[in-house]
Amino acid sequence: MIFAFIAALACSPLAFSAQGCPEGTQIGRMAVILPSSKTPIVTTKLFQGTGASQLKQGLGHWSETALPGQGDTIVFSGHRTTRGSAWLHDLDLWPKGTIIRMHMTYPKRKSFCYKLSGTRIVSASGKRWKYEARSRGYEVLTTWACHPKGSVSHRIIGFWWPTKC
């Protein structure tokens, strides 16, 4: 009980940096909505960190990147094939205009929406993936997963631009 209080305090709006939130802490929830629907096709939890336990439960936030609403590059990673946790399984099939709605509980309770503008495949061993995760100075959400499904040779990156909820 005391640890939960300390973790909640560390992830309060006063901490405000992603680095101030302990790895493994749930920081929100996410829903993926196709342009032709109002019903989410994927819902999951959002966690600080990208360890195996976080990715098994939901999408993991790269702590060295911004959080939604902070005006810079945001990176969340997820699985495509792991049974029960393949949150980004069909990232390569989602059409442009697909919406991600994030209900954040950290750094403050607020919702953010992003619209898919496209995807890109990069080598997992090359420098290109580091380039795609760089600070851009404007807000863009990127979602990262292995590509092709079940392989670790490449990554598929989804690029999502802020939009109205």
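Every number in this text was worked out from the coordinates using simple rules, so none of it is lab data. Please read these numbers as outputs of a predicted model, since none were measured by experiment. When we count neighbours, we look across all protein chains shown, and the Cβ atoms used for this are built from the backbone with ideal geometry, even at glycine.
What's the extension gain from ALA52 to VAL152 if we count 0.36 nm per residue and subtract their Cα-Cα distance?
34.5 nm
Across the chain, what fraction of all alpha-carbon pairs, as a whole percent, falls in each successive 10 Å bin from zero upward?
All Cα pairs considered, the percentages come to 11, 41, 37, 11, 1.
Using 0.36 nm per residue of separation minus the Cα-Cα distance, give me the extension gain between LYS164 and HIS103 in nm, one decimal.
Result: 20.6 nm gained on full extension.
Relative contact order of the chain: what whole-number percent is it, with Cα pairs under 8 angstrom and at least 6 residues apart?
Averaging sequence separation for qualifying contacts and normalising by length gives 21 percent for the chain.
In the stretch 111-165, which chymotrypsin sites (Phe, Trp or Tyr not before Pro) fall in coil by DSSP and have 16 or fewer other Cβ atoms within 10 Å?
TYR138
Between ASP90 and LEU34, what length in nm is gained on full extension when 0.36 nm per residue of separation is reduced by their alpha carbon distance?
19.0 nm is the gain from fully extending ASP90 to LEU34.
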